[in-house]
Amino acid sequence: MLVVLEDDDRSLSRDAARIVAHTVLSQPRVTLGLATGSTPIGMYRELVRLNREEKLDFSHVVTFNLDEYIGLTPGHPQSYHAYMARHFFDHVNIPPENIHIPDGSVRPSYDEYCAWYEACIREAGGIDLQVLGIGKEGHIGFNESSSSLRSRTRPKVLAIQTVKDNRRFFGPREDVPDCAITMGLGTIMDARKILLLASGAHKAKAVAAAVEGPVTASVTASVLQFHPHVTVLADRDAAAELRRTSDYRRIMEMTRKTNSGRLW
Ligand code: PGA
């Protein structure tokens, strides 16, 4: 796991976009796994800028989103479909047929639908780079505490804390969904590379538990310790409870030295 200590959300977003851009440039037909939430918004903004100003080409990129609320149709303004259109897909040249986001419409068989989503990922050749945020209690996707560490795409009931955290995106009279379809931890772990983004003091405990704590289903992001290629970008506040920061800085320096000043 490469832990990169960022000064602030701005440098985190810029570096996250650089990693994605570097991946797209070196492999134009890349399959990206994408996340929603507040954290990756700056990364999407920077990718849109790179597309516009530096002609970063997304025309062969395939994407799979991590999750979607159950009960919100794709047209709902708070759906992750709407989020992705607003922050990214409406502004770059990814062909619509290359975009996959779980559909949160209520359906008779979730098993069938989720198996189909998994099959689409497999048919696309698997995810090359999966971008993740992290919840306050250490979830990735909507894999809440006690999720099976080998789970696949499935419906999940959201933790009370997650529903509370998501309240801010909804109007005062609106119900906040309490269920979602999410890629599983096994699905995420199958990605070839993983990029975890964490910003803000409210993430500090989760980041420390995920990176330095024991691997446990109580903090599902800790399963990433078993993955061979994870990069964690944490800003100063999110990194505040990490104990081995001097080690991470040394590794960053060594990586830069052997990689012509670059971390990736
Ligand atoms: P956030 O959510 O980026 O809005 O903090 C992250 C998550 O819950 O995975």
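Data overview
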| read-out | value |
| --- | --- |
| Of all residues making up region 168-188, the number that are acidic (Asp, Glu) and over 15 Å from residue 158 (Cα atoms) | 1 |
| Residues that are within 13 Å of the ligand (Cβ to nearest atom) and either within 20 Å of residue 252 (Cα to Cα) or of a type in the set (A, V, I, L, M, F, W, C) (or both), drawn from region 214-223 | 219, 221 |
| Residue match in region 190-213 (condition: of a type in the set (S, T, N, Q), more than 14 Å from the ligand (Cβ to nearest atom) and in contact with a helix residue (DSSP H, G or I) (Cβ under 8 Å, 6 or more places away or on another chain)) | no |
| Residues satisfying the stated conditions in region 138-167, i.e. within 9 Å of the ligand (Cβ to nearest atom) and either at pLDDT 95 or above or surrounded by fewer than 16 Cβ atoms within 10 Å (Cβ to Cβ) (or both) | 139, 140, 141, 142 |
| Enumeration of residues in region 122-135 that are crowded, with 16+ Cβ neighbours inside 10 Å and either more than 16 Å from the ligand (Cβ to nearest atom) or at pLDDT below 95 (or both) | 124, 127, 128, 129 |
| Number of the condition not met by residue 140 [criteria: (1) touching a Gly at 6+ places or on another chain (Cβ under 6 Å); (2) closer than 21 Å to residue 195 by Cα] | (1) |
| All positions within region 164-184 that are under 27 Å from residue 115 (Cβ atoms), under 19 Å from the mean Cα position of the chain (by Cα) and touching a residue at least 12 places away in the same chain (Cβ under 8 Å) | 179, 180, 181, 182, 183, 184 |
| Pairs where the first residue, in region 37-57, is free of Cβ contacts under 8 Å to residues at least 60 places away in the same chain and within 14 Å of residue 25 (Cβ to Cβ) and the second is in a loop (DSSP other than H, G, I, E, B) and of a type in the set (Phe, Trp, Tyr), C-beta under 7 Å, 6+ apart | 47/88; 51/58 |
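The values are calculated or read from the model by the stated rules, or taken from the named source; none is laboratory data. Note that the structure is predicted; figures quoted are calculated from it, not measured. When we count neighbours, we look across all protein chains shown, and the Cβ atoms used for this are built from the backbone with ideal geometry, even at glycine.
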